[in-house]
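Worksheet for the structure shown next.
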Amino acid sequence: MPTSGSGAEQPLAQQPTAPYLEAVTAYGLRGSTRFHVPGHKGGAGADPGLRSALGDSALLLDVPQDIEGIDIGPSPTPYERAEALAADAYGADHCWFLTNGASQGNHALCLALAGPGKRVLMQRNSHASVIDGLVLSGGLPSFVAPEYDPELGMAHGVEPAALETALSRVEGGVEAVFIVSPTYYGMATDIAGCAEVAHAAGAPLVVDCAWGAHFGFHDALPQSPLALGADAMLASTHKIVGSLTQSAMLLVSGSGRVDQAAVGRAVRLVRSTSPSSLLMASLDAARRQLAVHGELLLDHTIHAAAQARAAISAIPGCEVVGEQFIGRPGIAAWDPLRLVIDVRGTGLSGYQVSSALRASYDIHVELATHATVVLVLGIGQPVEALERFAHDLAETVKRTVSASGPHSADASATRNALTEPPVALGHDTAVAPRDAFLGESEAVPVDEAVGRISTEAVAGYPPGVPTLLPGERVTAEVITYLRALTSAGARLHGAADPSFTTLRVLVA
């Protein structure tokens, strides 16, 4: 478990409690008369189908903010205690519960750290929500390119040396450095090295650890970014730790490099005045389980994952990648709760394998690419399904290879195009993201967009990493890459025209 932060208000001994969940449950189930929102009045006014689907308890616990004894009243309220316990569990000085995902945290951090005209340095394969945050704040990005695996078409982390070089090229310095660790593929970067470089440049280090909310809670996992010197981190608690979808946490260390008051103001600005009690209660409960029973649950899942990796690797044409990559540029550690299966040896694409698994066995994977299929395991992963997967994958590959026959030249060309990184991995913006996003735009055929300034962010989704950003100049290479993504079966997120026939650009 991460070491407690100096500003934590609750002793470690209180981790078995869930004060917010307990307070909401006490209010929701005691039969109080409700003359406040929501209008379903604890379920009495809800559609019968919704009541049947969710159950009466969920609707009874769906309460608004500003209820005495939950989030208002003598301090510390149950809500304040819940956030303090989360900070304590992660070794942070302060925690904010988020009900619009880690994206909300990125928006808040950009508003707090990157005001109008202020420059930040961000990893080029950051989530789209970081650029969205700069659209809101008026901040200016410079980019540092991640390390890139041309064989798998997979972006990894940032090397400290690359970060140092990128910082030296930014005239006047930066207000903050934003990096990603782990990546969608479970690869973690050298955060301690990056923190040292960022701090030497006078900038706080923010780590998007959306996929690593469980880090630091088992010896076989990478350490938490805060324990490695990061000044702030985002944790998508729902992704692996078990809170409800759309819930996350923003955590800030006690280093003093990030103004907590500014972050608090920004969080209030970007969150709803009607946050979901169900989402926040799930964060409180997930933190409790992770802090109290996480090591045991993770141990079971890690053991089952090791057995699954061995079984999958025995399938002809399949290889599970991850641990063997540690030490490569941009990879200092690896998450065993991610199963990244290289299927190129089967002659099939990851998109084909994913589609066949879904059709034959109703198996839904987290991510498919031209080269891989990615499985994300949870803190309490059902072992039986994992044990079955190797059999189902082997049968799927066998049937699909037999049915598909020789692969076309077009399919091979598409796969080859996707092994080359888009040139935008090394680009800086030509126009501030805010000015481009809010500027007068027009839709033009994609081929005519080359040389123009994009006003939209376009990303293959998942994982939501933009290939093209608002304010970037459109290049022929980026057009080719995005076309290859759509040809391979990816969904373009953020594009005004999902068919990628047209693209919105600034009016010349």
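The values are calculated or read from the model by the stated rules, or taken from the named source; none is laboratory data. Keep in mind that this is a model prediction, so the values were computed, not measured. Here Cβ is always computed from backbone atoms with ideal geometry, including for glycine, and neighbour counts include all displayed protein chains.
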Single residue of A198, A220, A192 found to be assigned to a loop (DSSP other than H, G, I, E, B) and either buried (at least 24 other Cβ atoms within 10 Å of the Cβ) or modelled with pLDDT of 95 or more (or both): A220
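Out of segment 91-128, which residues are part of a loop (DSSP other than H, G, I, E, B) and farther than 19 Å from P466 by Cα? Even if it seems obvious, please write down each step before you answer.
Taking segment 91-128 as the starting set, the residues that turn out to be part of a loop (DSSP other than H, G, I, E, B) are 91-93, 99-100, 114-118, 124-127.
Within segment 91-128, G91, A92, D93, T99, N100, A114, G115, P116, G117, K118 qualify.
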Any hit, segment 24-47, residues being under 27 Å from L234 (Cβ atoms) and in contact with an Asp or Glu (Cβ under 9 Å, 6 or more places away or on another chain): yes
Condition met for G157 (touching a Gly at 6+ places or on another chain (Cβ under 6 Å) and under 25 Å from K118 (Cβ atoms)): yes
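Considering segment 48-85 alone, what residues qualify as being in a loop (DSSP other than H, G, I, E, B) and of a type in the set (G, A, S)? Don't jump to the end; show me each part of the working.
So in segment 48-85, the residues in a loop (DSSP other than H, G, I, E, B) come out as 55, 61-67, 69-71, 73-77.
The answer is G55, G69, G73, S75.
Anything in segment 11-47 that is of a type outside the set (V, I, T), assigned to a loop (DSSP other than H, G, I, E, B) and surrounded by 13 or more Cβ atoms within 10 Å (Cβ to Cβ)? List them, or say none. Spell out how you get there, then give the answer.
Start the filter on segment 11-47 by keeping residues that are of a type outside the set (V, I, T), which leaves 11-16, 18-23, 26-32, 34-36, 38-47.
Now restrict to residues that are assigned to a loop (DSSP other than H, G, I, E, B): 11, 15-16, 18, 30-32, 34-36, 38-40, 44-47.
Scanning segment 11-47 gives Q15, A18, S32, R34, P38, H40, A46.
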Selection count, segment 129-158, where residues are modelled with pLDDT of 90 or more and either assigned to a helix (DSSP H, G or I) or over 20 Å from the mean Cα position of the chain (by Cα) (or both): 13
Leading residue by the ranking (nearest to the chain's Cα centre (by Cα)) among those in segment 68-92 that are surrounded by fewer than 23 Cβ atoms within 10 Å (Cβ to Cβ) and acidic (D, E): E80
Residue that is more than 22 Å from L221 (Cβ to Cβ) and surrounded by 22 or more Cβ atoms within 10 Å (Cβ to Cβ), where the choices are A248, A281, A262: A281
Among (1) among the aliphatic types (A, V, I, L, M); (2) surrounded by 21 or more Cβ atoms within 10 Å (Cβ to Cβ); (3) touching a Lys or Arg at 6+ places or on another chain (Cβ under 9 Å) - the single one V376 does not satisfy: (2)
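Inside segment 151-174, can you point out the residues that are in contact (Cβ under 8 Å) with a residue 60 or more places away in the chain and out of contact with any Asp or Glu (no Cβ under 7 Å at 6 or more places or on another chain)? Write out each step before concluding.
Looking only at segment 151-174, we keep the residues that are in contact (Cβ under 8 Å) with a residue 60 or more places away in the chain, and these are 151-159.
Hits for segment 151-174 are E151, G153, M154, A155, V158.
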Number of the exception - R504 against (1) at pLDDT below 70; (2) over 30 Å from V374 (Cβ atoms): (1)
Considering residues of segment 205-245 that are over 11 Å from the mean Cα position of the chain (by Cα) and of a type in the set (S, T, N, Q) only, the residue nearest to A108 (Cα to Cα): T245
Residues (over 15 Å from A102 (Cβ atoms), in contact (Cβ under 8 Å) with a residue 60 or more places away in the chain and part of a loop (DSSP other than H, G, I, E, B)) located in segment 256-278: V258, D259, S272, T273, S274, P275, S276
Which numbered condition V270 fails, given (1) among the β-branched types (V, I, T); (2) in contact with a Pro (Cβ under 9 Å, 6 or more places away or on another chain); (3) surrounded by fewer than 24 Cβ atoms within 10 Å (Cβ to Cβ): (2)
